[in-house]
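Only one structure is covered here, and it is reproduced in the block below.
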Amino acid sequence: MTVLVAGSTGFIGGRLCPALEEAGHTVRAMTRHPDTYEGAGAPVRGDVGDPESLRAAMDGAEAAYYLVHSLAAADFERRDAEAARNFGRAAAEAGIGRIIYLGGLGEDGDQLSAHLRSRREVEGLLGAAGVPVTTLRAGIIVGHGGISWEITRQLVEHLPAMVTPRWVRTRTQPIAVDDVIRYLVGVLDREEATGRTFDIGGPDVLEYIDMLRRVARIEGRTLLIVPVPLLSPRLSSAWLSLVTDVDNRTGRSLVDSMVNEVLVRDTAIRELVPFEPIGYDDAVLRALAERAGVRPSS
């Protein structure tokens, strides 16, 4: 089918577009700068802040992926909400049959961070105009270029010892980026996935501190970790921006989310799109290999 990918130049979109083409779909890669686009698919101009451009980009498409976030902006919640409304309305007007969205894990009953609350709000706004939305909710995605993975890698590689806040004891269920792409492509061909929400994650449930230690072991590094429970989110995000290349605002948004457990509670996706997920250590090895210029085979 003909598929529009919003966010085609990002960490996920840059991998999704060629995977969709390999699966036999016709890909429209939506970007604000089609003249400089060099990825898979046919570039089409589109901006989630410009509804008129969305109508033109969606014309003739049967399904659309929404992979857009504004995490680095101070008012990212407002921006993401406005963008989702624009996209959902344009999709309805264009006759798009389904929107597929990559959101975030986290229990609705928890006191979710602004980042995770925004992800939830976007889920609803995308479908508010009537287009069915298939949502895949993920935690930390392990792959070269992903922000959360880069924080993990850079902390381990830049510091022989680190003072860490209480979020290092939070449990999460990281997933390899290759598996995220498999799920995103897989649900497109499954009519029974329409309008449903799925949790996706890898086979390992780990605390952040375990993730750091595993990366250090894989890289042959010695890492001393000293947890400091009273380290505030503000100081924690400033610390991240000091020792990694993640900016302070993005770091704060991510740190605020790290107090929420993000675990798979519903495994229905495993029956709908069956395959053996990649373990954390293998996902780390793949990410490190890609950074070194070696693309592992799937």
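Every number here is computed from the coordinates shown, using simple stated rules; none is lab data. Worth saying up front: this structure is predicted, and the values here are computed from it rather than measured.
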- [ ] Using every Cα-Cα pair within segment 1-70, state what percent have a distance larger than 20 Å.
- [x] 16
Task: Gained length - ARG171 relative to ASP75, 0.36 nm times residue gap less alpha-carbon distance - done: 31.8 nm
Open item on the list: Check which residues have an amide H placed less than 5 Å from ILE225's amide H, if you skip close sequence neighbours.
Closed with: MET162
Open item on the list: To check you understand DSSP bridge types, tell me what percent of the beta bridges within segment 114-226 (both residues inside) are antiparallel, rounded to 5.
Closed with: 20
Open item on the list: List the residues, sorted by chain then number, that are 5 or more residues from ASP204 or on another chain and whose placed amide H is less than 5 Å from its amide H.
Closed with: TYR280
